[in-house]
1. Only one residue in A:S15, A:S54 is at pLDDT 95 or above and either polar (S, T, N, Q) or assigned to a helix (DSSP H, G or I) (or both), so which one is that?
2. I'm trying to understand the selection: among the residues of the stretch A:18-48, which are of a type in the set (D, E, K, R) and assigned to a strand (DSSP E or B)?
3. Among A:A30, A:A2, A:A56, which is surrounded by fewer than 18 Cβ atoms within 10 Å (Cβ to Cβ) and more than 20 Å from B:I89 (Cα to Cα)?
4. Looking at the stretch B:67-86, I want the residues that are among the charged types (D, E, K, R) and have a partner that is buried (at least 19 other Cβ atoms within 10 Å of the Cβ) with Cβ atoms under 6 Å, at least 6 apart or on another chain. Which pairs are those?
5. From the set of residues in the stretch A:23-50 that are at the interface with another protein chain (Cβ under 10 Å from one of its Cβ atoms) and under 18 Å from A:V3 (Cα atoms), which is modelled with the lowest pLDDT?
6. How many residues does the stretch A:23-44 hold that are aliphatic (A, V, I, L, M) and more than 14 Å from the chain's Cα centre (by Cα)?
7. Take the residues in the stretch A:75-114 that are away from every other protein chain (no Cβ under 13 Å) and in contact with a Gly (Cβ under 9 Å, 6 or more places away or on another chain); name whichever of them is surrounded by the most Cβ atoms within 10 Å (Cβ to Cβ).
8. For the stretch B:55-108, which strands (runs of 3 or more DSSP E) that fit wholly inside it have 1 or more residues that are within 11 Å of chain A (Cβ to nearest Cβ)?
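The values are calculated or read from the model by the stated rules, or taken from the named source; none is laboratory data. Everything quoted here is computed from the prediction, not taken from an experiment. Cβ: placed from backbone, ideal geometry, glycine included. Neighbour counts: every protein chain shown.
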Amino acid sequence: GAVVSQHPSWVICKSGTSVKIECRSLDFQATTMFWYRQFPKQSLMLMATSNEGSKATYEQGVEKDKFLINHASLTLSTLTVTSAHPEDSSFYICSASSGRALNEQFFGPGTRLTVL
Amino acid sequence: DAKTTQPPSMDCAEGRAANLPCNHSTISGNEYVYWYRQIHSQGPQYIIHGLKNNETNEMASLIITEDRKSSTLILPHATLRDTAVYYCIVAAGNQFYFGTGTSLTVIP
């Protein structure tokens, strides 16, 4: 149980295009989902927290207009990187929490974004 | 911001116990200690968590000092598949701030 998937696993796009990454909780309802970014040889950096049906809360320094997060259902959150540039190339990881157990987070496998 | 400090890297011989330390001297009374690990290019994997008592599960043991200012993750019999970056996180709510972690290399 408690499986989180991400799609796509790897995406390559041209500079200036927008890319959507999906995060799904496969066997539980995720009241809260989190998005992280990880640059090579660095740690995970929390970008934003989203609760189902409400606007995401972004961490300081993360541009909300650049990284659009939608959490429209209890099993799906999407992160859209708008007008992507090479510096947005990174490993994007989501996690999900059902809220049933204290502070549990189940992580997805990550999506590697390469912007040319 | 991360509230933990860990050594950047450690080696461990295969079959031996791996003891990974973590300092969290500013931990608050309601914050738990969590351990996750990340194998290259994968999402983090939950290992164990605790508040103040020592904890054990099928993967590892967690030893938390009485003052809760530090903890140690113990992998009792390390295997090559345990090679990963291990993250120690303290959190009260559901927002995790990852530190730099410890890169554990298990040597044959």
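1. A:S15
2. A:K20, A:E22, A:R24, A:R37
3. Being surrounded by fewer than 18 Cβ atoms within 10 Å (Cβ to Cβ) and more than 20 Å from B:I89 (Cα to Cα) holds for just one of A:A30, A:A2, A:A56, which is A:A2.
4. Listed by first residue and then by second, the contacts come to B:R68/B:I27; B:D82/B:L75; B:D82/B:V106.
5. If we take residues in the stretch A:23-50 being at the interface with another protein chain (Cβ under 10 Å from one of its Cβ atoms) and under 18 Å from A:V3 (Cα atoms), then A:T31 is modelled with the lowest pLDDT.
6. 1
7. Among those residues, the one meeting the criterion is A:A84.
8. So the answer is B:84-91, B:102-107.
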